[in-house]
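For reference, the structure is listed below as structure tokens.
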Amino acid sequence: MLHLDLHCHSTASDGTCTPEELVFRAKKNSAIMLAITDHDEIKGIVPAKKAAKECGIKLISGVEISVTWNNYTYHVVGLQINENDQKLIKRLHDNRSGRIERAQQIGEKFDKLGIHGAFDGAMKFVTNPELISRKHFGRFLFETGRSSSIGEAFRYYLKTDGPCYVKHEWASLKNAINWIHDAGGVAIVAHPGRYRVSERELNAFLDEFKQLGGTGIEVVTGSHASSQYTQYAKIANYYGFLASVGSDFHSPDESLYDVGLLPELPHNVKPIWLNWL
Ligand code: AMP
Ligand code: MN
Ligand code: MN
Ligand code: MN
């Protein structure tokens with residue numbers, strides 16, 4: 001196992017552990033390095049850094065930015081950003097705006113299907129009022145017995161072409177990468193195996209990501225089956241991307257990998273964190 005994790009979520013977005021709890025949990029799992037990468041939000045980093053100093057683990061400042069590229073949502077992780085960069089804080093705030101209105105529209109779609117109170121139900125799980133995500137709806141559907149799992153809630157209702165999906169216009173790829181660079185960080189394509197786009201479309205996205213100065217790609221993630229590790233290792237090497245790893249941990253009950261505890265990367269890639277130890 002690899003005791004290092006560069007992608008997870010706290011209560012500052014749609015995770016259920018506080019930033020401090022994530023740090024202590026990773027430490028308990030013997031992790032030496034952890035990045036917290038909340039959706040479009042970095043307010044968890046300061047408390048996490050404090051906790052990390054206390055228990056002796058290297059905390060990498062991170063963020064996961066929602067991006068719209070060619071009409072489809074992608075996620076770009078920024079690592080080694082300056083969490084006090086006021087410009088980045090403002091830019092992320094703008095990218096978060098509209099989430100509540102979108103969630104209300106999602107609630108209306110559920111209403112039409114006869115599932116009432118979904119918006120209020122999802123809100124009960126929200127820990128950052130500016131950051132309601134589809135995950136909160138998934139929790140509502142699971143907890144009220146309407147879906148047998150959060151995964152099923154996505155498959156039946158919330159996925160991109162599902163009946164309760166509401167499209168949203170996020171940051172452009174160019175902006176997201178520039179925001180990360182302006183804040184001193186490096187940009188990484190999150191969970192490339194999760195996008196339901198053609199190979200050709202994904203290649204075009206990766207071409208542009210490279211052209212715009214992107215640095216890395218997640219190879220080992222909680223969103224990939226182990227059979228995909230070699231596939232994305234090959235893609236990383238083809239594009240000259242550094243390889244990243246991240247659990248995408250959201251909650252002890254919901255995640256494939258525990259925070260800070262992941263399978264090793266394939267040996268033929270260049271790990272992104274080598275100079276960060
Ligand atoms: P949003 O930013 O509101 O579109 O919600 C995206 C979030 O939903 C992601 O960060 C994941 O946490 C979650 N998500 C997306 N797809 C799935 C899935 N198939 N199963 C569980 N959670 C998912
Ligand atoms: Mn999430
Ligand atoms: Mn993501
Ligand atoms: Mn994530």
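The table that follows gives values for the structure above.
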| item | result |
| --- | --- |
| Selected residue (criterion: farthest from the chain's Cα centre (by Cα)) from residues of segment 29-72 that are open to solvent by 10 Å² or more (accessible area, probe 1.4 Å) and within 12 Å of ligand 4 (Cβ to nearest atom) | 41 |
| Restricting segment 146-182 to residues that are within 28 Å of residue 81 (Cα to Cα) and of a type in the set (Asp, Glu), the residue that is nearest to ligand 2 (Cβ to nearest atom) | 169 |
| Top-ranked residue in segment 237-269 [being in the same structural domain as residue 48 (by TED's automatic domain parsing) and over 19 Å from the mean Cα position of the chain (by Cα); ranked as nearest to ligand 2 (Cβ to nearest atom)] | 239 |
| Complete set of residues in segment 150-160 that are open to solvent by 40 Å² or more (accessible area, probe 1.4 Å) and over 17 Å from the mean Cα position of the chain (by Cα) | 152, 155, 156, 157 |
| Residues of segment 127-139 satisfying the condition of being in contact (Cβ under 8 Å) with a residue 60 or more places away in the chain and over 14 Å from residue 166 (Cβ atoms) | 127, 128, 130, 131, 135 |
| Listing of helices (runs of 4 or more DSSP H) fully contained in segment 98-155 that carry 2 or more residues being acidic (Asp, Glu) | 99-112 |
| All strands (runs of 3 or more DSSP E) inside segment 1-88 with 2 or more residues being more than 16 Å from ligand 1 (Cβ to nearest atom) and either within 27 Å of residue 265 (Cα to Cα) or in contact with a Gly (Cβ under 6 Å, 6 or more places away or on another chain) (or both) | 33-36, 58-69 |
| Top-ranked residue of segment 88-125 - restricted to ones that are over 18 Å from the mean Cα position of the chain (by Cα), open to solvent by 40 Å² or more (accessible area, probe 1.4 Å) and of a type in the set (D, E, K, R), ranked as nearest to ligand 2 (Cβ to nearest atom) | 124 |
| Pair list, Cβ < 7 Å and 6+ apart or interchain, from segment 111-126 residues that are modelled with pLDDT of 95 or more to residues that are open to solvent by 60 Å² or more (accessible area, probe 1.4 Å) and basic (Lys, Arg) | 115/146 |
| Single residue of 138, 184 found to be within 19 Å of residue 40 (Cα to Cα) and small (Gly, Ala, Ser) | 184 |
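The values are calculated or read from the model by the stated rules, or taken from the named source; none is laboratory data. What you see is a predicted model, and the numbers here were worked out from it, not measured in a lab. So basically every Cβ, Gly included, is an ideal-geometry build from the backbone, and we count neighbours across all protein chains shown. Accessible surface is based on the protein model in full, side chains and every heavy atom, while ligands, DNA and RNA are left aside. Shrake-Rupley method; radii C 1.70, N 1.55, O 1.52, S 1.80 Å.
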